[in-house]
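Working notes, structure below.
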Amino acid sequence: MLKRLLSYMMIVLLAASCGKDSIIIDGGPLEHDRGPSYVFDDTQLPLLSINVSEEEWNRFLELYDRDNHNHDYVKCYSVTMQRGDVTHRVENAGIRLRGQTSRRRPEGKSGQKHSATNPTWHHVHFGLHFRKFNEEGSLAGVRRINLKYAKEDPTYIREHYCFDLLLRYGVWTAPLTSWCRLSLQVGNTPAANFGVYLMMESIDHQYVKNRPQFGGSDGFLWKCGWGANLRDKDNWKFHIDDNSSGSYSYELKDDDEAAFSTAKAQILDFITKLNNLKGSEFYNWIQNVCDVDLLLKMYAANVALGHWDDYWNDMNNYYLYFNSRSTTDYKVYMLPYDYDNTLGTSHYCGVQSDSGRQNPYKWGLDECVLLPKLLQITDFRAKYTSYLKDFASEDNQWTGVLQSSSRIRLWHSLISPYVSNDTGEDMVIRDRPASWGNHPEYRVLEDSRNNWFRVKAASIAGWTAGE
């Protein structure tokens with residue numbers, strides 16, 4: 001640590017002695033002294049610049065044409081993050097496409113290569129892996145970053161608001177997020193301005209190691225997609241992440257294929273006992289293997305945020321982390337993920353038709369057994385109700401109308417001058433839900449009866465009044 005600190009001081013002194021206005025720090029061992037809280041700082045808007053050779057970019061486009069859900073990385077010549085007078089630089093990072101229904105070609109039409117004279121750019125979600133082709137790669141101490149554009153979110157703030165709210169509320173499992181201005185340069189052609197992107201902490205084993213609250217960092221991490229109801233145990237639903245484009249309900253994020261059988265036995269042990277244990281046996285077991293209080297707190301916040309595309313209602317969009325590799329002795333955590341369809345972007349899905357007014361005790365499907373079974377127990381239902389009541393007034397400190405408006409306007413003042421971009425997409429900030437939503441009247445800033453936070457507070461107050 002001392003050696004790294006002295007190295008950094010030498011860089012600063014050298015820059016000052018040379019009369020330079022900026023400092024360039026190459027991604028390497030020194031960068032580990034900074035870390036996620038430095039990178040994901042939502043009070044600043046750094047410029048993130050990606051430089052890819054024309055050959056690698058054309059391979060990127062070919063990979064999409066061959067399989068639009070591929071997980072393959074291509075090599076970046078460099079990735080830099082410029083913040084004030086400090087520029088962090090990583091060479092030989094990896095870049096890939098991310099997303100499910102949001103996937104599309106980042107440039108041109110199928111079969112076309114990069115156009116150096118008249119490129120047609122498109123917003124897409126990217127993933128950056130700074131150690132894919134560089135064993136020491138790190139961007140200010142962070143090894144991976146997910147980059148998300150404001151897909152069908154005219155406000156630009158929904159997902160960040162939600163993860164920020166979860167952290168404010170004490171749900172420490174939420175990933176860190178902030179924004180950047182994104183620039184993409186292919187070969188020697190002029191860099192393209194991609195506008196404002198959300199930078200998101202990748203949920204991976206580094207994310208786990210950064211949170212000692214888990215009580216163990218050598219466990220199994222599962223990404224859970226559609227159909228992950230924690231009830232069905234069909235073999236095809238369980239798979240290891242082998243870089244294929246297949247879609248599975250439970251995908252193990254682990255490089256050790258030999259560990260898959262143990263990991264599968266462990267998650268099946270949890271699913272079997274969750275569904276079969278009853279009465280006091282279930283009551284004692286679930287508190288031993290799960291932080292029930294944290295789970296209920298997260299779900300009360302989910303209701304306040306209108307997160308319907310989740311485990312309970314849509315069997316989708318969450319991670320599970322087991323903090324050991326024992327098939328029977330473990331603690332399991334449900335990790336929050338993918339909160340862009342929230343704050344009034346409502347939809348006909350599961351049991352829901354209005355995420356603003358849905359009964360929080362029947363938020364989703366009975367077949368998603370975990371929450372319904374917990375809420376049958378008096379102690380757990382009372383705890384859940386107490387958390388819901390935190391959001392049951394218009395002036396609560398978490399999702400209050402004025403409190404939320406203040407935070408959102410501050411973020412808008414930071415990012416709004418930079419949303420115009422060379423794709424021609426998502427060019428303005430508007431106080432609207434997604435165009436495909438079934439409740440277009442909801443607003444997050446407008447002080448009216450359709451204000452999302454006002455509607456939600458009244459709804460929660462009504463549903464909890466009799467509890």
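Filtered by the rule that a residue be more than 21 Å from the chain's Cα centre (by Cα) and of a type in the set (G, A, S), region 100-123 gives G108, S110, G111, S115, A116. Return yes when R59 is assigned by TED's automatic domain parsing to the domain that holds S138, touching a Gly at 6+ places or on another chain (Cβ under 7 Å) and at pLDDT 95 or above and no when it is not. So R59 fails the test.
Checking each residue in region 246-297 for being buried (at least 18 other Cβ atoms within 10 Å of the Cβ) and small (G, A, S) picks out S249, A263. Checking each residue in region 214-268 for being out of contact with any strand residue (DSSP E or B) (no Cβ under 8 Å at 6 or more places or on another chain), in a loop (DSSP other than H, G, I, E, B) and farther than 21 Å from N313 by Cα picks out G215, G216, S217, D218, D242, N243, S244, S245, D255, D256. Kindly check whether there is at least one residue in region 304-312 that is within 23 Å of D153 (Cα to Cα) and in contact with a Lys or Arg (Cβ under 8 Å, 6 or more places away or on another chain). Scanning region 304-312 turns up at least one residue that is within 23 Å of D153 (Cα to Cα) and in contact with a Lys or Arg (Cβ under 8 Å, 6 or more places away or on another chain).
A quick yes/no check of all residues on (1) touching a residue at least 60 places away in the same chain (Cβ under 8 Å); (2) farther than 20 Å from F282 by Cα; (3) buried (at least 20 other Cβ atoms within 10 Å of the Cβ); (4) polar (S, T, N, Q):
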{"site": "L305", "(1), (2), (3), (4)": "yes, yes, yes, no"}
{"site": "F322", "(1), (2), (3), (4)": "yes, no, yes, no"}
{"site": "S326", "(1), (2), (3), (4)": "yes, no, no, yes"}
{"site": "P336", "(1), (2), (3), (4)": "yes, yes, yes, no"}
{"site": "T342", "(1), (2), (3), (4)": "yes, yes, yes, yes"}
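Here D204 clears all of (1) within 15 Å of the chain's Cα centre (by Cα); (2) crowded, with 20+ Cβ neighbours inside 10 Å; (3) closer than 22 Å to Y38 by Cβ except the condition numbered (2). Applying the selection to region 359-368, what residues are touching a residue at least 24 places away in the same chain (Cβ under 8 Å) and more than 24 Å from the chain's Cα centre (by Cα)? If the condition is that a residue be touching a residue at least 24 places away in the same chain (Cβ under 8 Å) and more than 24 Å from the chain's Cα centre (by Cα), then N359, Y361, E367 are the ones that fit.
Going through region 324-344 one residue at a time, which ones are more than 25 Å from the chain's Cα centre (by Cα) and closer than 28 Å to H160 by Cα? Of everything in region 324-344, nothing turns out to be more than 25 Å from the chain's Cα centre (by Cα) and closer than 28 Å to H160 by Cα. Residues in region 424-458 that are under 18 Å from Q403 (Cβ atoms) and of a type in the set (G, A, S): S448, A457, A458. Looking across A301, A263, one residue alone is among the hydrophobic types (A, V, I, L, M, F, W, C), at pLDDT 95 or above and within 18 Å of the chain's Cα centre (by Cα). It is A301.
Of the residues screened, D431 is one that is in contact with a Leu (Cβ under 6 Å, 6 or more places away or on another chain) and either in a loop (DSSP other than H, G, I, E, B) or closer than 14 Å to A304 by Cβ (or both).
Out of all the residues in region 53-67, is one or more closer than 29 Å to I25 by Cβ, of a type in the set (A, V, I, L, M), touching an Asp or Glu at 6+ places or on another chain (Cβ under 6 Å) and crowded, with 17+ Cβ neighbours inside 10 Å? No, every residue in region 53-67 fails to be closer than 29 Å to I25 by Cβ, of a type in the set (A, V, I, L, M), touching an Asp or Glu at 6+ places or on another chain (Cβ under 6 Å) and crowded, with 17+ Cβ neighbours inside 10 Å. Looking at the structure I just gave you, is G227 of a type in the set (G, A, S) and either within 30 Å of F391 (Cβ to Cβ) or modelled with pLDDT under 95 (or both)? The answer is yes for G227. The condition of being assigned by TED's automatic domain parsing to the domain that holds Q403, touching a residue at least 24 places away in the same chain (Cβ under 8 Å) and either under 15 Å from the mean Cα position of the chain (by Cα) or closer than 24 Å to Y339 by Cβ (or both) holds for only one of K237, K223, that being K223. So which residues in region 192-213 are in a strand (DSSP E or B) and among the β-branched types (V, I, T), if there are any at all? Once the filter is applied, which keeps residues that are in a strand (DSSP E or B) and among the β-branched types (V, I, T), region 192-213 yields only V196.
Residues are listed down the side, and each one gets a yes or a no for (1) surrounded by fewer than 22 Cβ atoms within 10 Å (Cβ to Cβ); (2) at pLDDT below 95; (3) assigned by TED's automatic domain parsing to the domain that holds Y442; (4) basic (K, R):
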| site | (1), (2), (3), (4) |
| --- | --- |
| F130 | no, no, no, no |
| F133 | yes, no, no, no |
| E136 | yes, yes, no, no |
| G141 | yes, yes, no, no |
| P154 | yes, no, no, no |
| C162 | no, no, no, no |
| L167 | yes, no, no, no |
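The listed residues are S413, S393, S448, and the only one of them that is in a helix (DSSP H, G or I) and out of contact with any Pro (no Cβ under 8 Å at 6 or more places or on another chain) turns out to be S413. Contact map, region 164-190: residues that are at positive phi paired with residues that are in a helix (DSSP H, G or I), Cβ distance under 8 Å, separation 6+ or inter-chain. Pairs shown: G170/K297; G187/E54; G187/W57.
The values are calculated or read from the model by the stated rules, or taken from the named source; none is laboratory data. Since this is a predicted model, take the numbers as computed values, not measurements. Counting neighbours? That spans all protein chains shown, and the Cβs are built from the backbone with ideal geometry, glycine included.
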